[in-house]
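Data block below; observations after.
Read the figures in this text as sums done on the coordinates, not as results from a lab. No experiment lies behind these values; they were computed from the predicted model shown. Neighbour counts run over all protein chains shown; Cβ positions are idealised from the backbone, glycine included.
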Amino acid sequence: PRRRLRPRRLVVLCDISGSMAPYARALIQLLYCAAGAERAEVFTFATRLTRLTRALARSSPAVALDRAARLAPDWSGGTRIGEALRRFNDEYGRRGLARGAVVLVVSDGWETGDPELLRREMARLRQVAYRIVWANPRTRHPDYRPLAGGMAAAWPYCDEVVSAHSLDALGELLAALAGPVYEAGQLQARAERSDQ
């Protein structure tokens, strides 16, 4: 008998803070589509982590957006990425939700918390996830460098960083989600090249 190929779980962590406001609504539409797929999990964060998978499932996009806004009262608040990742790792990662999964973090990387916490939690996530892709709309600018504390802390643990700032850029995002997995040394070398 032929082996059945089973797709990897997709886990999406989407930043809905004030600095992501121009993108959040469109990205929630994308998350709505992802939540409709088998084995997809969707979370949002600003100052806290909110699981939206059930709220986004089996409803129209307009209803899904309304539910998402009600469930995530920190919409357009500050950004505590490290704290949101810590909670995800503690409450969901331990249960195996991220084990072997493709994890997509959608955020501009502006962290109001401790970047060292973000670095530690990205390292924890790296140990269990199959692949980590970070979609940062600010990377669309050719002179962008990951110098802000949050993005600088997270970058070395990402297999790919893409912009996903427009419909035209979504192809790049989809290719990144299906792309190769890098070893820790390769990730560090890629991060150092991006700093130059």
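Backbone amide hydrogens, once placed in the peptide plane, bring Val162 within less than 5 Å of Trp134, Ala135, Asn136, excluding anything fewer than 5 places away on its chain. Take the Cβ atoms of Arg51 and Arg140, set R0 to 25 Å, and the FRET efficiency comes out at 0.30.
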